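Single-structure report; data block below.
Each reported figure results from applying straightforward, stated rules to the coordinates on display, with no laboratory input. Quick caveat, the model's predicted, so the values are computed rather than measured. Cβ: placed from backbone, ideal geometry, glycine included. Neighbour counts: every protein chain shown.
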Amino acid sequence: MTSPLPPGSVIGILGGGQLGRMTALAAANLGYQAYVYCLNKDDPAAQVCARSIVGQYDDEDALRSFAAMCDVITLEFENIPTETLQFLENIISVRPHHKVLAVTQSRLEEKGFAKESGFETASYQAVRSISDLRQATKEIGCPSILKTNRFGYDGKGQVRIEEDTDLVEAWESLQTDEAILEGFVEFDKEVSIIVARSSIGEIKMFPVTENIHVNHVLSESIVPTTVAPEVLSEVEKKLVKLVEKMDLNGLLAIEFFVSKSGTFLVNEMAPRPHNSGHWTMDGCMTSQFEQLVRAVCGLPLGSTKALGKVKMKNILGPDDKNWEAYIKDAHAKLHLYGKSDSKPGRKMGHVTYLELDQ
Ligand code: AMP
């Protein structure tokens with residue numbers, strides 16, 4: 001068994017967004033130093049890290065100097081090229097490793113992986129041409145959703161296909177050579193589970209979180225949500241199998257559709273902290289960010305017990321202008337990400353409302 005990385009060690013974070021910022025703050029709380037590799041010197045994570053290196057993901061000199069400063073490297077953004085991780089893996093431990101990213105960067109790969117672990121998904125087919133799309137639409141039916149296989153997020157790179165949709169226009173609008181057509185799921189609710197697996201193989205899961213999306217973007221996350229205990233125990237067993245098969249080291253957030261009959265269908269996976277886990281910062285014994293630090297440093301994983309009823313609400317630009325109202329609210333815990341440019345719909349912060357258990 002490898003010994004844990006002790007406090008004082010340096011955790012390198014690839015990506016400078018708010019997820020990196022909150023990971024760096026959690027690392028500091030445990031006495032670690034966080035250094036960030038990011039694209040801009042004033043990125044949210046760079047503002048709170050002891051050191052930051054500004055570089056592109058193919059800049060081998062900058063990556064090499066970054067690796068030389070760190071004891072372990074993790075990431076806050078899953079669309080980093082797998083080649084970047086492979087390059088770093090020759091120098092230093094990268095957690096999670098590039099094979100996890102290779103699965104989660106592709107909707108086709110991740111659905112296949114979920115199925116091999118015993119999960120159901122929406123019906124789907126790969127689409128690489130307009131004739132594929134015509135064929136897939138016949139087989140899957142309408143409504144359905146055509147999505148780019150890679151690099152889609154928050155509903156971007158998606159088009160809904162109805163009986164009267166012009167398929168040529170839909171295919172061309174995605175500007176891609178690889179897409180997926182998914183059957184539309186008439187779900188009862190959307191939920192997510194964040195799983196941590198440490199470098200010594202310990203696994204812990206956060207409570208199931210119910211997620212409400214507006215315009216394809218997460219608006220609110222709520223805990224607890226009702227899931228029949230026998231359903232949850234089956235889902236948890238499959239998740240253990242899935243993260244072991246992936247050889248995950250770090251966090252994996254899995255988003256599910258829950259059908260009217262209670263079946264969990266895997267929608268998406270992300271190998272990093274997730275927006276639907278922000279409530280854990282104020283509403284859980286251990287936050288998802290601290291859990292990531294523990295997992296990549298080989299520390300025992302923390303308790304994932306929720307402290308009460310919790311609601312997390314995203315603050316999207318220009319709602320951050322209302323910060324004074326949130327600050328004045330005795331029931332609200334405000335987190336702002338230090339972004340100077342408040343564009344409509346941009347994630348600027350979040351607020352947690354907590355009703356503690358007695
Ligand atoms: P995604 O980027 O795949 O997470 O999609 C963003 C949101 O669009 C999801 O959280 C759902 O609310 C909705 N959505 C995506 N795919 C489907 C589907 N196959 N059936 C129903 N709703 C979907």
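Computed values, structure above
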{"item": "Choice from R294, R128, R150 showing the highest fluctuation, given a GNM over the chain with Cα pairs closer than 10 Å", "result": "R128"}
{"item": "Neighbourhood charge, 14 Å Cβ-Cβ cut-off, centred on K237 and excluding it, Lys, Arg +1 and Asp, Glu -1", "result": "-1"}
{"item": "HN-Hα J in Hz across the stretch 325-333 - Karplus 6.51, -1.76, 1.60, θ = phi - 60°, x for Gly and Pro", "result": "5, 5, 4, 6, 6, 5, 8, 10, 10"}
{"item": "Zone residues, the stretch 156-187, relative to R128, backbone N less than 11 Å from point 7 Å out along Cα-to-Cβ", "result": "177-179"}
{"item": "Protection proxy ranking of 268-275, 50-57 - average other beta-carbon atoms within 10 Å, highest first", "result": "268-275, 50-57"}
{"item": "Set of aspartates and glutamates with alpha-carbon distance to K204 below 16 Å, sequence-local pairs under 8 removed", "result": "E234, E236, E244, D247, E290"}
{"item": "Hits among aspartates and glutamates - C-alpha to C-alpha of K313 under 18 Å, sequence gap 8 or more where chains match", "result": "D154, E190, E210, E220, E255, D282, E324, D329, E355"}
{"item": "P(r) weight above 20 Å for the stretch 187-356, C-alpha pairs, percent", "result": "53"}
{"item": "Estimated 222 nm signal from helices in the chain, with DSSP H stretches of n ≥ 4 weighted -39500 (n - 2.57), rounded to 500", "result": "-8500 deg cm²/dmol"}
{"item": "Estimated FRET transfer efficiency (K241, K343; beta-carbon r; R0 45 Å; 0.05)", "result": "0.65"}
{"item": "Relative exposure of L336, L265, L239, judged by other C-beta atoms within 10 Å (fewest first)", "result": "L336, L265, L239"}
{"item": "Net +/- balance of residues flanking Q56 in space, Cβ distance below 15 Å, scoring K and R +1, D and E -1", "result": "-4"}
{"item": "³J(HN,Hα) computed for each position of the stretch 197-209 - Karplus, 6.51 cos²θ - 1.76 cosθ + 1.60, integer Hz, glycine/proline x", "result": "10, 8, 5, 9, x, 6, 10, 9, 10, 7, x, 4, 10"}
{"item": "Signed unit charges on C-beta, dipole axis of the chain, positive-most listed residue L181, G298, I140", "result": "G298"}
{"item": "Residues with amide H under 5 Å from that of L316, placed H, sequence gap 5 or more", "result": "M348"}
{"item": "Chain lengthening between V159 and L30 when straightened (0.36 nm per residue, less Cα-Cα)", "result": "42.1 nm"}
{"item": "Full-stretch length increase - H216, L232 - with 0.36 nm per residue and alpha-carbon distance subtracted", "result": "3.2 nm"}
{"item": "Straight-distance crosslink candidates among lysines, where the alpha carbon sits under 25 Å from K147 and sequence neighbours closer than 8 are dropped", "result": "K99, K111, K115, K138, K156, K189, K260, K343, K347"}
